[in-house]
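The values are calculated or read from the model by the stated rules, or taken from the named source; none is laboratory data. What you see is a predicted model; the values in this text were computed from it and never measured. Note: ideal-geometry Cβ built from the backbone for every residue, glycine included; neighbour counts use all protein chains shown. Protein only, heavy atoms only, side chains kept; ligands, DNA and RNA dropped before computing areas. Shrake-Rupley method; radii C 1.70, N 1.55, O 1.52, S 1.80 Å.
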Amino acid sequence: GQPLGPRRLSLKPVPKLPDTDAFLREALVKVKKQARGCLAPELCCRAVQAAAERPFAEGVRRERELFRLLLTSGQARALQYAFFAERAVRRWAAPGGASWSSAAPQPVRSAAVIGLGTMGRGIVTSLVKANIPVVALEQDLEYLNKGRKAVMLLLEREALKMEGGAQTLDFHNPARLQFTVDFDLLRDVDLVIEAVFENMALKKEIFHKLSKICKPGALLCTNTSALNIDEIASATSHPQQVIGTHFFSPAHVMRLLEIIYGRHTSPTAIATAMQLAKALRKVGVVVGNCFGFVGNRMMFPYVQQAVFLVEEGSGPEAVDQVLEDFGFKIGPFRMSDLAGLDVGWRSRKEQGLTGPSLPAGTAARQRHGQRYSPLPDLLCEQGRFGQKTGRGWYRYEKAGGRTASPDPGLHSFLCHYRDTHGIETRFIDQEEILERCLFSLINEGFAVLAEGIASGPEHLD
């Protein structure tokens, strides 16, 4: 029976802050930095500003205008597309007629991870967070202890982010997480993820061993970013149980999981890997087997163009800036530093593109009749592997540091490199940077579709 007037929030004056203008200006700068290139967060900020500075009816009117602007924007359409694309990839199909509607997954009650480098640590963390008991295996005690420390640190950080904290994860319980150097402890696990570095001989040796030790129904996964799944499977007596599960670094953060079937991979194996992606709260995308699969195959020409642009006179910071302003979360050079330049270097060595295996008389900047830039190889030869060593395309405050700053040493190295190869530098504008990087990425995407490596454009996107 009380009058509503005094209770109506819209009639109450907004209390004045001592420095409303400065506060809102700061907030806008912060939001623009955090959500680079994204319209919505910035316009949300503007709506709050209108609410604080104008009468209620006017503030609501302003909010409606801003909302309409967003509703008809290209970004809204793109986000809606991405939302439905993520759901479309759950309906996978493989060439033999196997598909999501006909294949049933096996239960995964326990898992093992082999190799506790950067990728292995992230994968163990993801499994623990998904409540799947894990056995983590390394080659010797020194690597095991180093890996254990790193994993525990990651899990402690993750626990802090969760409501129940460390109790929820219960990662000090050996029934949930066990570290070992003994392959025999892998006898009963339902699924093994091999995450050693990209070396075919080493991976085949491990899969040969797993084939003898694991139970016949165990799913054998390889976290490879480019190597041939069929060749890895050839080392086992159960090729139908072998599948590629390519996690992206850092594995406990990145939501994408590329699932690669080989010639013999069973529909059950694909369905189980997709079920695993769901349990880990990742977006699983089923793709075919070719060098680099889809993610890295499309990345190669994109990063290659970025390096060519640097050869011709651009700087790593300039290229990254253009692509980040366009909307990429991270530019190609900061991405390379984060992932580690040595990963790509090892892969190029395996392919015979660099190092002592090159035939004498090979042109420095050509491979197989195509243009090639040895710049990333030369940086690796100097021990510049990116964040892990404190120097890569950028300089970091320390080894393992996260804050990238331009490196004057790199710029003098680039000048010397261009002089050596007689490259005349020129000014490269933003449009050229954007088009050369993006068109090469898009063109490779069309090639992937044409070859049937992905079954639809949503898978690429």
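Of the heavy-atom accessible surface of the chain (probe 1.4 angstrom), what whole percent is carbon and sulfur?
Working: 13910 of 24580 Å².
That fraction is 57 percent.
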- [ ] Under 16 Å Cα to Cα from Lys16, which aspartates and glutamates show up? Leave out anything in the same chain fewer than 8 places away.
- [x] Glu53
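Report the full-extension gain for the segment His172 to Thr425: residue separation times 0.36 nm, less the Cα-Cα distance, to one decimal in nm. It would help to have the intermediate numbers written out before the result.
Working: separation 253, 0.36 × 253 = 91.08 nm, distance 5.64 nm.
Taking 0.36 nm per residue and subtracting the Cα distance, the gain is 85.4 nm.
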TODO: Per DSSP H run of n ≥ 4, the term is -39500 (n - 2.57); total these for the chain, divide by its residue number, and report the mean residue ellipticity at 222 nm rounded to 500 deg cm²/dmol.
DONE: -15000 deg cm²/dmol
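Using only the heavy atoms of the protein chains and a 1.4 Å probe, how would Val181, Val128, Val31 rank by accessible area, largest first?
Values: Val181 65, Val128 5, Val31 35 Å².
My answer, sorted largest first, is Val181, Val31, Val128.
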Task: Within the stretch 111-289, percent of DSSP bridges classed antiparallel, to nearest 5 - done: 15 percent
TODO: On the full set of protein chains, 1.4 Å probe, figure out the accessible area of His368 and give it in Å² to the nearest 10.
DONE: 150 Å²
Open item on the list: So I have [x] 26.5, 122; [y] 25.5, 95; [z] 30.5, 101, and one of them is Rg and Dmax of the Cα atoms in Å calculated from this model. Which one is it?
Closed with: [y]
- [ ] Would you mind working out the magnitude of the charge dipole of the chain relative to its Cα centre, with +1 at each Lys and Arg C-beta and -1 at each Asp and Glu C-beta, to the nearest 20 Debye?
- [x] 1460 debye
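Just how many pairs of Lys in the stretch 111-289 have C-alpha atoms closer than 15 Å, counting pairs that are eight or more places apart or on different chains?
5
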Task: Between the stretch 196-261 and the stretch 75-146, the alpha-carbon center distance in angstrom - done: 12 Å
Open item on the list: Students often forget the sequence filter, so: which aspartates and glutamates lie under 13 Å Cα-Cα from Lys329 once same-chain residues fewer than 8 apart are removed?
Closed with: Asp320
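Got a sec? What order do Arg334, Arg418, Arg61, Arg281 fall in by accessible area at 1.4 Å, biggest, i.e. largest, first? Provide the component values of the computation, followed by the final result.
Numbers: Arg334 80, Arg418 25, Arg61 125, Arg281 200 Å².
Result, largest first: Arg281, Arg61, Arg334, Arg418.
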TODO: Assuming R0 = 41 Å, can you tell me the calculated FRET efficiency for the pair Ser249 and Thr20, based on Cβ-Cβ distance, to the nearest 0.05?
DONE: 0.45
- [ ] Calculate one ³J(HN,Hα) per residue across the stretch 277-292 by plugging θ = phi - 60° into the Karplus curve 6.51 cos²θ - 1.76 cosθ + 1.60, and present them in order as whole Hz with x for glycine and proline.
- [x] 4, 5, 4, 7, 6, 10, 8, x, 10, 8, 9, x, 9, 8, 5, x
Task: Listed residues Val283, Ala251, Phe293: farthest to the positive end of the dipole of the chain (Cβ charges) - done: Val283
Open item on the list: Under a crude label model (7 Å from the Cα following the beta-carbon direction), how far is Ala35 from His368 in nanometres?
Closed with: 4.4 nm
TODO: Of the options Leu66, Ala50, Ala27, report the single residue whose Cα projects farthest towards the positive end of the charge dipole of the stretch 9-72 (beta-carbon charges: Lys, Arg +1; Asp, Glu -1).
DONE: Leu66
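What FRET efficiency comes out for Thr72 versus Arg418 if R0 is 60 angstrom and r is the Cβ-Cβ distance? Round to the nearest 0.05. Spell out each step's value before the answer.
Working: r = 46 Å, r/R0 = 0.77.
That pair, Thr72 with Arg418, gives E of 0.80.
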TODO: State, to one decimal in nm, how far the label point of Ala82 lies from the label point of Ser102, with both points 7 Å from Cα in the Cβ direction.
DONE: 3.5 nm
Task: Where labels lie 7 Å past Cα in the beta-carbon direction, separation of Asp184 and Lys146 in nm - done: 2.7 nm
Open item on the list: I need the phi-derived Karplus couplings for the stretch 293-305: 6.51 cos²θ - 1.76 cosθ + 1.60, θ = phi - 60°, integer Hz, Gly and Pro marked x.
Closed with: 6, 9, x, 6, 4, 6, 6, 3, x, 5, 5, 4, 4
Open item on the list: Taking the Cα centroid of the stretch 41-61 and of the stretch 371-412, what is the distance between the two, rounded to the nearest whole Å?
Closed with: 45 Å
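In what order, largest first, do Arg436, Arg402 sit by accessible area if the probe radius is 1.4 Å? Mind dumping the intermediate values first?
On the way: Arg436 55, Arg402 160 Å².
The ranking, largest first, comes out as Arg402, Arg436.
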